[in-house]
Amino acid sequence: MTVTVRFAPSPTGKLHIGNGRPAVLNWLYAKSQGGTFILRLDDTDRERSTEEYADGILEDLAWLGLTHDALHRQSERFERYDAAAQRLKQAGRLYPCYETPDELDRKRKRQLARGLPPVYDRAALDLTDEEREKLEAEGRRPHWRFKLEPETVEWDDLILGSVRVDCKSLSDPVLIREDGTYLYTLPSVVDDMEMNVTDVIRGDDHTTNTGAQIQIFNALEARLPRFGHHSMLIGPDGKPLSKRMLGDYTLEAIRAMGVEPMAVNCMLALLGTAEAAEPLLSLDELAKGFDIAKLGRGQIRFEAQEIERLNAGLLHKTPYEAVKTRLAERGMDSPEFWEAVRPNLTLFDGAAEWWHVIEGPVEPVIEPEDADFVAEALAALPGEPWDGSTWKSWTDTLKSSTGRKGKALFMPLRLALTGLRHGPELANLLPLIGPERAKARLSGKT
Ligand code: GLU
């Protein structure tokens, strides 16, 4: 059976490094096995779901290159959920309850006070028809709970190994709210069934849900998918990532920072594996080495510098061909330029700074104590044409004529030629700066 996975975000907010991670994991899992990736918008919450968030999610995924083979919206499938709810009612597994949130709260407090677990007591199952009618006549509308079997549900998790959920310790989950709208639990199962999802890969905040959902699959006589629950990200302080921190790391914000999408893909794919995340240039390459079983069970510490490290590593190995268009758009289309500056980049946009250093104007820096040396260097500039060997022959000459070496030799030249103490290899920069500008700068002119 073809592997089919789904990424099922709720369009009630933006994707960030935490809730965007299952998108990458699911996509790689599918692609590494020639499978299908479904994008499903879990938009049953009509109040909180917006078109704007849905568009944002599509944009983020397109930016990452996570193409989908099918797109579904739960808001277009209500009749499927109604049909499933009907089946569950007929099977006696979905029952109406009339407690108000206040009443439920009081029940919970009483249970806790008596040292009992705050599990729903199923009082609604004991209501007679007359009692129900009376409640309805009072204007109460039921919410509907799924009746769990008092059993331990067990599955072999793709990431966690053997998992057991004791359903006796769970409240019967509410599937339908008082206003007739669906909570996440049932639509998710119905869709996974009807879309032939073979593997459900999601955060381990859903592990308990899975226990209840497996019972729903069984009640609907559906084939069970495999499940994989990945661990959640925690901040550098060891606590779950705060809303504020996640807000800084929405995919939209990361994109606006100028980060390469593959740096994000690599980070999200390899966080939590024992492997140090290596920047890879393409999703295909990443999919090749992808093995979901390598994801660990422990919480994953997210360090923001990791994105920078990966982004830099990625740029350092990006060939000119891959960035030709982007360079051209910025008027910097030159293979030699790219070769010269890529080892110095953290963000692609940093290339513009080096372009400026080459093109000028730059303010040459010539320390008084180096003035004679720089004048001698000017006189010793090799004849044209200049190429990659010009720097070496020039500095070899200067080494023997002045006796300077190391930093004493290079730094005054770097400062005069670029106005900066650091930067790309001068051997690569010098031919790009060219004789005319080099002569001017060594003479102290901008
Ligand atoms: N909409 C759910 C969420 O974002 C989907 C969970 C799942 O993958 O089943 O948490």
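Below are the figures for this structure:
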| read-out | value |
| --- | --- |
| Given (1) part of a loop (DSSP other than H, G, I, E, B); (2) under 18 Å from the mean Cα position of the chain (by Cα), index of the condition GLU306 fails | (1) |
| Identity of the residue in the range 223-242, in contact with an Asp or Glu (Cβ under 8 Å, 6 or more places away or on another chain) and within 15 Å of the ligand (Cβ to nearest atom), that ends up farthest from ALA269 (Cα to Cα) | PRO225 |
| Test set (1) more than 24 Å from the chain's Cα centre (by Cα); (2) surrounded by 21 or more Cβ atoms within 10 Å (Cβ to Cβ); (3) within 12 Å of the ligand (Cβ to nearest atom) - ASP172 fails condition number | (3) |
| Members of the range 151-202 that are touching a Ser or Thr at 6+ places or on another chain (Cβ under 6 Å) and polar (S, T, N, Q) | ASN196, THR198 |
| Residue in the range 99-106 that is in contact with a Gly (Cβ under 9 Å, 6 or more places away or on another chain) and surrounded by fewer than 21 Cβ atoms within 10 Å (Cβ to Cβ) present | no |
| In the range 181-198, the residues that are more than 11 Å from the ligand (Cβ to nearest atom) and either not in a strand (DSSP E or B) or not hydroxyl-bearing (Ser, Thr, Tyr) (or both) | THR181, LEU186, VAL190, MET193, GLU194, MET195, ASN196, THR198 |
| Boolean, TYR81 is assigned by TED's automatic domain parsing to the domain that holds THR2, in contact with a Pro (Cβ under 8 Å, 6 or more places away or on another chain) and under 21 Å from LEU251 (Cα atoms) | no |
| Evaluation of ALA62 against (1) in a helix (DSSP H, G or I); (2) within 16 Å of the ligand (Cβ to nearest atom) (one fails), failing number | (2) |
| Any hit, the range 327-345, residues being closer than 18 Å to ASN428 by Cα, outside the structural domain of ASP237 (by TED's automatic domain parsing), more than 18 Å from the chain's Cα centre (by Cα) and among the basic types (Lys, Arg) | yes |
| Residue match in the range 4-27 (condition: part of a loop (DSSP other than H, G, I, E, B), touching a residue at least 24 places away in the same chain (Cβ under 8 Å), over 21 Å from the mean Cα position of the chain (by Cα) and more than 14 Å from the ligand (Cβ to nearest atom)) | no |
| Residue count, the range 22-69 (criterion: in contact with a strand residue (DSSP E or B) (Cβ under 6 Å, 6 or more places away or on another chain), among the acidic types (Asp, Glu) and more than 15 Å from PRO9 (Cα to Cα)) | 1 |
| Given (1) within 11 Å of the ligand (Cβ to nearest atom); (2) β-branched (Val, Ile, Thr); (3) part of a loop (DSSP other than H, G, I, E, B), index of the condition THR67 fails | (1) |
| Within the range 310-388, helices (runs of 4 or more DSSP H) holding 3 or more residues that are surrounded by 18 or more Cβ atoms within 10 Å (Cβ to Cβ) | 335-341, 351-359, 371-379 |
| Residue within the range 234-250 that is in contact (Cβ under 8 Å) with a residue 60 or more places away in the chain and part of a helix (DSSP H, G or I) present | yes |
| Residues within the range 79-128 that are of a type in the set (D, E, K, R), part of a helix (DSSP H, G or I) and closer than 28 Å to MET193 by Cα, tallied | 5 |
| Subset of the range 307-330 (residues that are within 16 Å of ALA352 (Cβ to Cβ) and out of contact with any helix residue (DSSP H, G or I) (no Cβ under 9 Å at 6 or more places or on another chain)) | THR325, ALA328, GLU329 |
| Condition check for ARG164: over 22 Å from GLY35 (Cα atoms), more than 16 Å from the ligand (Cβ to nearest atom), in contact with a helix residue (DSSP H, G or I) (Cβ under 8 Å, 6 or more places away or on another chain) and not in a loop (DSSP other than H, G, I, E, B) | no |
| Test: residue in the range 57-68 that is in contact with a helix residue (DSSP H, G or I) (Cβ under 7 Å, 6 or more places away or on another chain), surrounded by fewer than 19 Cβ atoms within 10 Å (Cβ to Cβ), on the phi < 0 side of the Ramachandran plot and not hydroxyl-bearing (Ser, Thr, Tyr) | yes |
| Residue match in the range 36-57 (condition: at pLDDT 95 or above, hydrophobic (A, V, I, L, M, F, W, C), under 15 Å from GLU252 (Cβ atoms) and more than 10 Å from the ligand (Cβ to nearest atom)) | yes |
| Failed condition for THR210, given (1) within 10 Å of the ligand (Cβ to nearest atom); (2) more than 22 Å from LEU71 (Cα to Cα); (3) touching a helix residue (DSSP H, G or I) at 6+ places or on another chain (Cβ under 6 Å) | (3) |
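Matching residues to (1) of a type in the set (A, V, I, L, M); (2) free of Cβ contacts under 8 Å to residues at least 40 places away in the same chain:
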| residue | (1), (2) |
| --- | --- |
| PRO361 | no, no |
| PRO364 | no, no |
| ASP370 | no, no |
| LEU378 | yes, no |
| THR397 | no, yes |
| ARG404 | no, yes |
| LYS407 | no, yes |
| LEU420 | yes, no |
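The values are calculated or read from the model by the stated rules, or taken from the named source; none is laboratory data. Computed from a predicted model, the values in this text were never measured in an experiment. Quick reminder, even Gly has a Cβ in these numbers, built from the backbone with ideal geometry, and neighbours come from all protein chains shown.
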